[in-house]
Amino acid sequence: MNDMTQSAFANPRVIGQRTPRVDGEYKLTGKAGYTGELHAENMLYGYPVPATIAHGELESLDLDEALAMPGVVEIFHHRNFPKLHRSPNSMGHGDQVSEVRLPFEDERIYYHGQYIALVVAETFEQARAAAYRVGARYRHAEGAVPSLLDSDAEGTLIDSAGSSRGDPESAFSGAEVQVDATYHIAAESHLQMEMHATLAEWRENGARLVVHESTQGVFYQRNAMARIFDLAQENLEVISHYIGSGFGNKLFMWPHAVATAGAARELGRPVKVVLPRQQDMTGGGNRPASRQRIRLGADREGRLSSVIHDSMTETSLVDQYIDACGSATPSFYACDNLSTSQRILPVNHGTPCPMRAPGEVSGIFALETAMDELAVELGMDPVELRLKNYAEQDPASGLPWSSKHLDECMKRAAKRFGWDQRDPGIGAMRDGDEIIGYGMATCTWFAGRQPCEARVELRADGTLFVACGTQDIGTGTYTIVAQTVAELTGVPLAQIEVKLGETSLPAGPLSGGSMATATTLPAVAAAARDALAALKEVATGSGGAFEGGEADSLSVADGAFNDGQRTVSFADVLETSRLASVNGQGSAAPGDEQNQYSFRSFGAHFVEVRYDPGISRVRVARVVSTMDIGRAINPPTARNQVEGGIVMGIGMGLFEKLDYDPRDARLVNGNVADYIVPVHADAPEIDVEMLDYPDFKFNEFGARGVGEIGLTGIAPAISNALYHATGKRHRDLPITIEALLAGQ
Ligand code: MOS
């Protein structure tokens with residue numbers, strides 16, 4: 001990183017400023033086309049038929065009645081669906097999928113909700129009505145595994161997901177103070193607003209496939225589909241312009257998309273499938289349940305001598321998904337003796353997948369609850385205990401942090417919250433019928449970057465076009481890309497057109513891992529600089545507006561060049577040279593800084609709960625958070641991510657639980673009536689502060705990423721606050737009313 005590029009965003013005018021979403025008008029007026037709303041000429045509708053058992057085989061299908069229903073064109077199943085190829089499913093080659101088994105491969109049933117057929121009809125209603133008339137007979141198999149929470153199996157140890165330093169076992173057994181506790185977290189649904197959806201259209205007599213998908217990664221889906229349908233990548237296009245969120249369940253393709261594209265090819269007509277919510281919840285990804293044991297050893301002064309974090313999470317019978325709970329633990333506290341281990345247990349569910357802060361959010365619940373237990377053992381303030389074990393450098397790698405202000409986060413949030421008013425006695429703070437509990441936890445999420453490419457076009461009509469094949473999953477990527485080129489060129493936001501979410505565009509990253517901002521903007525900036533350089537060449541070249549001038553002497557402001565005497569707009573420069581536009585290409589990738597520093601975001605959450613023991617009601621009354629995320633490119637949308645994460649954390653802490661019937665592993669509450677999430681009435685007063693320490697060691701924007709961190713640390717802050725209120729330690733999530741009744 002050289003100083004010139006670093007200083008380019010040191011005093012920004014657009015970056016870091018409150019900027020209304022550039023796509024806001026499209027969303028408000030309904031012009032933003034989500035996959036489920038798109039229509040292709042001559043299009044058919046598909047509706048999957050889900051298995052009603054979780055373990056066994058499909059014995060027979062009875063299709064006669066459904067096939068005779070109005071509008072039904074075809075019903076696909078394991079006997080007539082085309083034979084396709086499995087994706088190699090490799091992250092390195094960008095063809096990762098969520099579930100490697102293809103739809104309708106054979107008669108085997110691995111989970112409730114697995115597709116056994118796809119009904120295709122002229123209208124959505126016809127397809128759905130017929131799907132309900134498909135008859136199926138099954139052979140049940142013994143031994144369905146409903147949930148890790150109902151199993152005492154040991155699972156499989158995944159060596160690559162564990163780590164160790166020092167001698168944690170002897171340090172633990174020799175410790176003056178010990179905490180040894182086991183924590184359980186139920187499986188959760190992403191419950192993103194927009195369901196999974198695919199529209200597949202074969203063109204040029206089946207030589208070319210165009211797919212609209214609500215996805216966090218158009219390139220991954222393209223690459224996987226190319227393998228599955230044996231197409232050259234250039235004959236396949238995946239498009240995702242607007243996405244009604246995806247919390248990780250839209251990172252990698254699911255079988256419904258393969259079923260849709262296969263049906264469209266067989267029928268020679270476009271087919272659209274929008275999963276109903278119930279199927280989205282069974283076959284569209286979940287956060288797997290986890291069991292974690294934490295052992296902490298410390299001396300009487302609260303110095304940690306040992307941290308041992310052993311985890312087990314669920315996977316499916318068809319894939320090996322690892323939700324690495326311990327991945328943040330080695331970097332959390334300064335402690336010489338530490339180990340983490342990870343096991344997975346196959347259960348009869350659809351394959352789990354990343355869900356907002358995957359692994360770490362579960363791991364931080366266990367670790368930060370255990371730290372509270374240690375604070376209670378020591379009679380020490382939980383903030384003081386954390387400061388005492390503060391990691392001044394990354395204890396996992398030994399590298400210095402690029403930028404860490406977690407101590408400031410704790411102190412500032414504590415002050416705004418009024419932590420010094422806390423009476424540490426159990427149940428000591430009351431207000432009428434309610435007992436008030438104060439709890440806190442810290443949080444973290446790694447900061448990563450990927451390679452990225454982008455293109456910028458300056459046009460003679462005064463507009464600027466910028467394109468990158470990443471996605472805006474609702475987080476505001478369109479807006480920050482526009483801000484970046486506005487910053488560098490001075491072209492007003494209203495004259496900037498941003499195009500994202502197409503595989504025909506320069507390769508962009510997954511919208512995942514909170515990496516999209518730090519990955520995309522450096523490439524966009526490089527493309528903008530390249531376009532400006534190209535236009536300067538034009539301006540100073542023969543017949544140009546600054547003919548004979550020095551390209552380097554032209555300064556840029558407000559969409560125009562100035563040579564110290566005259567100002568000429570980009571549009572006039574292009575007109576003078578009879579050009580419609582100039583192009584700039586840019587690419588960016590992480591560099592050697594990755595070997596010099598450790599990059600993470602940090603934060604602290606303080607939570608007030610109010611518990612009414614008379615009716616066993618708990619509510620989160622207040623959350624005060626301070627986050628250290630580097631620079632926020634667009635502060636309102638960054639804050640919005642943290643606030644959303646906090647509300648999601650209340651769901652994780654108190655409500656959300658995919659309930660699998662222990663008898664047969666069927667999902668009992670696979671709908672939004674029975675699966676409980678926080679509603680407005682459950683949302684507390686939320687006060688989020690973002691520190692402004694741009695992390696220029698990470699990238700020239702100083703931005704680390706903010707999509708996931710807000711969720712981490714909320715559930716333990718709630719359980720710690722509840723302990724303060726009631727004296728009952730809740731180690732299992734969600735903390736249901738039944739658990740409260742049992743505990744009080
Ligand atoms: Mo995130 S779980 O990488 O969408």
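Placing a pseudo-label 7 Å from each Cα along the Cα-to-Cβ vector at Arg203 and Ala181 gives an inter-label distance of 5.8 nm. Estimated from the Cβ-Cβ distance and a Förster radius of 35 angstrom, the FRET efficiency linking Asp106 and Met69 is about 0.85. Here's the picture: charge each Lys and Arg Cβ at +1 and each Asp and Glu Cβ at -1 in region 80-124, and of Phe81, Leu102, Met91 the one pushed furthest to the positive end of that dipole is Met91. Sites count as exposed loop sites when they are GluC sites (Glu not before Pro), lie in a DSSP loop, and have at most 10 other Cβ atoms within 10 angstrom; the longest stretch of the chain without one is 551-744. Each Cα pair under 8 Å and six or more residues apart adds its separation to the average, and for the chain the resulting relative contact order is 17 percent. Annotation: extensible slack from Ala40 through Gln233 equals 67.3 nm (criterion: 0.36 nm per residue apart, minus Cα-Cα distance).
A viscosity of 1.002 mPa s and a temperature of 20 °C, combined with the Kirkwood radius over C-alpha pairs in the Stokes-Einstein formula, give region 176-219 a diffusion coefficient of 140 µm²/s.
Calculate, for region 525-684, the solvent-accessible area per residue in square angstrom, rolling a 1.4 angstrom probe over the heavy atoms of the protein chains.
Values: 6710 Å² over 160 residues.
Spelled out: the 1.4 Å probe surface of region 525-684, per residue, equals 42 Å².
Ranking Val573, Val318, Val668 from most to least accessible surface, computed with a 1.4 Å probe over the protein chains only, gives Val668, Val318, Val573. Between Arg566 and Ser616, residue separation times 0.36 nm minus the direct Cα-Cα distance comes to 10.6 nm. If the label point is 7 Å along Cα→Cβ of Ala141, which residues in region 54-84 have backbone nitrogen under 14 Å from it? Residues passing the 14 Å test: 54-59. Full extension of the chain between Ser542 and Lys411 yields a length gain of 41.0 nm, computed as 0.36 nm times the residue separation minus the alpha carbon distance.
Rounded to the nearest percent, how much of the accessible area of region 631-744 (1.4 Å probe, protein heavy atoms only) is carbon and sulfur?
On the way: 2060 of 4080 Å².
In region 631-744, the share of accessible area belonging to carbon and sulfur is 50 percent.
In the chain, the calculated helix contribution to ellipticity at 222 nm averages -7500 deg cm²/dmol per residue, counting -39,500 (n - 2.57) for every DSSP H run with n ≥ 4.
Ligands, DNA and RNA excluded, the heavy atoms of Lys411 present near 120 Å² of accessible surface to a 1.4 Å solvent probe.
Per the Kirkwood definition applied to all pairs of different Cα atoms, how many angstroms is the hydrodynamic radius of region 58-121?
Numbers: mean 1/r = 0.0732 Å⁻¹.
Here the Kirkwood hydrodynamic radius works out to 13.7 Å.
Under a 1.4 angstrom probe, counting protein chains only, how are His680, His405 ranked by accessible area, largest first?
Numbers: His680 175, His405 40 Å².
From most exposed to least exposed: His680, His405.
Distance distribution P(r), region 483-592, all Cα-Cα pairs, bin width 10 angstrom from 0: 13, 42, 28, 14, 3 percent.
Applying the criteria of a DSSP loop state and at most 13 other Cβ atoms within 10 Å to the trypsin sites (Lys or Arg not before Pro) of region 283-350 yields Arg300. Between Arg18 and Glu57, the distance separating the two model label sites (each 7 Å from Cα on the Cα→Cβ line) works out to 6.5 nm.
Per residue, the accessible area of region 1-96 comes to 58 Å² when a 1.4 Å probe rolls over the protein heavy atoms.
Spin-label model, Glu685/Ser163: points 7 Å from Cα along the beta carbon direction are separated by 3.9 nm.
Each Lys or Arg adds one and each Asp or Glu subtracts one; over the other residues with Cβ under 13 Å from the Cβ of Asn595, this totals -2. Share of pairwise Cα-Cα distances greater than 14 Å in region 662-744 is 79 percent (whole percent). Taking one quarter of the surface of the C-alpha convex hull of the chain gives a mean projected area of 33.5 nm². Here Ser555 and Gln393 are evaluated by their C-beta separation; at R0 = 41 Å the FRET efficiency comes out at 0.50.
Using the Cβ-Cβ distance between Glu593 and Arg293 with R0 = 22 Å, the FRET efficiency computed as 1/(1 + (r/R0)^6) comes to roughly 0.05.
Roughly what % of DSSP beta bridges within the chain run antiparallel, to the nearest 5? Could you put the intermediate results ahead of the total?
Numbers: 102 of 136 bridges.
Around 75 percent antiparallel, to the nearest 5.
Ranking Lys83, Lys404 by solvent-accessible area of protein heavy atoms (1.4 Å probe, all protein chains present), from largest to smallest, gives Lys83, Lys404.
Could you compute Rg(Cα) / (2.2 N^0.38 Å) for region 275-363, with N its residue count?
Details: Rg = 16.0 Å, N = 89, 2.2 N^0.38 = 12.1 Å.
It is 1.32.
Protein heavy-atom accessible surface, 1.4 Å probe, per residue over region 144-302: 33 Å².
The values are calculated or read from the model by the stated rules, or taken from the named source; none is laboratory data. Fair warning: this is a prediction, and the values are worked out from it, not measured in the lab. Quick reminder, even Gly has a Cβ in these numbers, built from the backbone with ideal geometry, and neighbours come from all protein chains shown. Accessible surface areas use protein heavy atoms only, side chains included; no ligands, DNA or RNA. Shrake-Rupley method; radii C 1.70, N 1.55, O 1.52, S 1.80 Å.
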